[in-house]
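Chemist: This is the structure I have questions about; it appears just below.
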Amino acid sequence: ASLSERSIEAVADYINNKNVRKVVFMVGAGMSTASGIPDFRSPGTGLYHNLRKLGLPHPEALFELSYFKENPQPFYNITREIQADQCRPTFTHVLIAEFYKRGMLEMCFTQNIDALERKAGIPADKLVEAHGSYATQSCTICGASYPDDLMAVHVVEQRVPICLETNCGGYVKPDIVFFGQSLPDRFFNSRSLPATADLGIVIGSSLSVQPFAHLPDLISQEIPRVLLNNQIVGSFGRRPDDVIFEGTCDGGARALAMALGWHDDVEREWLR
Ligand code: OAD
């Protein structure tokens, strides 16, 4: 398969005319900024640029297991702000759900912990939450789970929850993947899917954290790859069939939806 030109319209023609059935999405924080959740690395607005008040040795320490085990308070000072309970999916999230409805979604790999993919209607079996989620929490020493209602109170009050097991005393952390922790089994069990995809679409990621950042390179050389992001990232641009939309994620998603003839369906669903 090859594209006649490197445009969003050419991608839409490819999808509509080549019986595309196995689309793999690989997404990150840039997809959710339009719903009010900061990303990590954007200059000025990214979370890592706004942590000075927490007194961390370096910004990523906020999500390092070794640092958390010594000093969990900074994480709990900020987690109320990044949990994003009230946020709604973006147009882009809903477009991915539309691929699912049309039987074309092979898998959506996400680095996001905001669970907006689920809210948009992407079912759990088409989702790899590679960096976990806030849905559950557990002790960093004994691994015991911790009740949701107690967790919610601690997050709101910015207090560190302590394990309830007798004589443990470990700090409790949401089951999001920290640096120093392994990704969920589901990520490794699904990692063969990009290689057999008939289209790969990367949205809103700087592709700077491994092993996730490697996924787009697993897409087969003959298969088109699409990037919707406000900057060029990873190995995009090095293959003849790479299509780059350099702009907002929603702008790219709308252009693609328009070219596919799906725009009004997605818009209606998004506004619902
Ligand atoms: P980053 O903050 O590293 O990258 C977000 C990308 O999206 C950047 O390239 C931005 O320029 C771009 N971007 C932001 N808003 C956008 C918009 N509205 N339209 C288009 N592009 C936009 O976020 P991730 O790549 O998701 O991991 O970060 C990866 C991992 O690093 C996160 O999962 C997190 C973090 O440390 C852990 O905490 C384990």
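Chemist: Restricting things to Cα coordinates, could you compute the convex hull volume per residue of segment 157-272 in Å³? Each step should come with its number before you reach the end.
Modeler: Numbers: hull volume 21.7 nm³, N = 116.
Hull volume normalised by residue count: 187 Å³.
Chemist: Q210 to T45: extension gain in nm, 0.36 nm per residue of separation minus the Cα-Cα distance?
Modeler: Stretched fully, the Q210-T45 segment lengthens by 57.1 nm.
Chemist: Here is a further query. Springs between alpha-carbon pairs under 10 angstrom, Gaussian network model over the chain: which of V226, V23, V156 fluctuates most?
Modeler: V156
Chemist: Something else: With both partners inside segment 143-272, how many of the DSSP beta bridges are antiparallel, as a percent to the nearest 5?
Modeler: Within segment 143-272, antiparallel bridges account for around 10 percent of the total.
Chemist: May I ask what percent, to the nearest 5, of DSSP beta bridges between residues of segment 1-155 are antiparallel? The partial results should precede the final answer.
Modeler: Working: 1 of 9 bridges.
So the antiparallel bridges in segment 1-155 amount to around 10 percent.
Chemist: Turning to a different aspect of this structure: Of the GluC sites (Glu not before Pro) in segment 1-107, which ones lie in a loop per DSSP and count no more than 11 other C-beta atoms within 10 Å? Let's see the in-between values first.
Modeler: Details: sites: E5, E9, E60, E64, E70, E81, E98, E106; in loops: E5.
Passing both the DSSP loop test and the Cβ count: E5.
Chemist: Decide, for the chain, between rounded, prolate and oblate: order the square roots of the alpha carbon gyration tensor eigenvalues as a ≥ b ≥ c, take rounded if a/c falls under 1.5, and otherwise choose prolate if a/b is larger than b/c, else oblate.
Modeler: prolate
Chemist: So how tilted is helix 148-157 from the main axis of the chain? Cα-based, degrees 0 to 90, rounded to 10.
Modeler: 80 degrees
Chemist: Picking from G261, G55, G46, which is most flexible by a Gaussian network model of the chain using Cα springs under 10 Å?
Modeler: Its mean-square fluctuation being the largest, the pick is G55.
Chemist: Could I ask something else about it? Mind checking the angle between helix 91-101 and the chain's longest principal axis? C-alpha axes, 0 to 90 degrees, to the nearest 10.
Modeler: 70 degrees
Chemist: Looking at the chain, what % of its DSSP beta bridges pair antiparallel, to the nearest 5?
Modeler: In the chain, approximately 20 percent of DSSP beta bridges are antiparallel ones.
Chemist: Another one. Among the aspartates and glutamates, select those whose C-alpha is under 14 Å from the C-alpha of K101, and discard any that sit fewer than 8 residues away in the same chain.
Modeler: Reachable aspartates and glutamates: E117, D125, D265, E269.
Chemist: Still on this structure, I have one more. When only DSSP loop residues count, what trypsin sites (Lys or Arg not before Pro) in segment 130-212 have their Cβ near at most 16 other Cβ atoms within 10 Å? Before the final figure, lay out the partial values.
Modeler: Working: sites: R159, R186, R191; in loops: R159, R191.
Here the trypsin sites (Lys or Arg not before Pro) that fit, given the DSSP loop and packing criteria, are R159.
Chemist: Okay, moving on. When a/c is below 1.5 the answer is rounded, else prolate if a/b is larger than b/c, else oblate, so apply that to segment 1-135 with a ≥ b ≥ c taken from the square roots of the Cα gyration tensor eigenvalues.
Modeler: Prolate, since a/c reaches 1.5 and a/b exceeds b/c.
Chemist: What does the convex hull of the alpha-carbon atoms of segment 67-225 project to on average, in nm²?
Modeler: 10.3 nm²
Chemist: Turning to a different aspect of this structure: Can you tell me which of A197, A29, A12 moves the most in a GNM of the chain? Springs connect C-alpha atoms under 10 Å apart.
Modeler: With Cα springs under 10 Å in the chain, the top fluctuation among A197, A29, A12 is at A12.
Chemist: Could you work out the relative contact order of segment 139-272? I mean the mean sequence separation of Cα pairs under 8 Å and 6+ apart, divided by the number of residues, in percent.
Modeler: Value for segment 139-272: 14 percent.
Chemist: Please report Rg (one decimal) and Dmax (integer) in Å for the Cα set of segment 116-160.
Modeler: Answer for segment 116-160, Rg first and Dmax second: 13.3, 35 Å.
Chemist: Students often get this wrong, so check it: of K22/K119; K53/K126; K119/K173, which have C-alpha atoms separated by over 31 Å?
Modeler: Check vs 31 Å cut-off fails for K53/K126.
Chemist: Cα axis of helix 8-17 to longest principal axis of the chain: angle in degrees, 0 to 90, nearest 10?
Modeler: Taking Cα atoms only, the helix is inclined about 70 degrees.
Chemist: Taking N as the number of residues in segment 27-85, what value does Rg over Cα atoms divided by 2.2 N^0.38 Å take? Spell out each step's value before the answer.
Modeler: On the way: Rg = 11.7 Å, N = 59, 2.2 N^0.38 = 10.4 Å.
Segment 27-85 yields a ratio of 1.13.
Chemist: Moving to a separate point now. Which shape class applies to segment 135-192: rounded if a/c is under 1.5, otherwise prolate when a/b exceeds b/c and oblate if not, where a ≥ b ≥ c are the square roots of the Cα gyration tensor eigenvalues?
Modeler: prolate
Chemist: Do any chymotrypsin sites (Phe, Trp or Tyr not before Pro) in segment 63-154 lie in a DSSP loop with no more than 12 other beta carbon atoms within 10 Å, and if so, which?
Modeler: none
Chemist: Give the aspartates and glutamates reachable from K69 as a straight Cα distance under 18 Å; neighbours fewer than 8 places away on the same chain don't count.
Modeler: E60, E165, D175
Chemist: I've got another one for you. Taking only protein heavy atoms and a 1.4 Å probe, what accessible area per residue, in Å², does segment 73-152 have with all protein chains in place?
Modeler: 39 Å²
Chemist: Using the alpha-carbon centroid of each, what span in Å lies between segment 52-114 and segment 230-272?
Modeler: 21 Å
The values are calculated or read from the model by the stated rules, or taken from the named source; none is laboratory data. For clarity, every value in this text was computed on a predicted model and none was experimentally measured. Neighbour counts run over all protein chains shown; Cβ positions are idealised from the backbone, glycine included. SASA here: full protein model, heavy atoms, side chains in, ligands and nucleic acids out. Shrake-Rupley method; radii C 1.70, N 1.55, O 1.52, S 1.80 Å.
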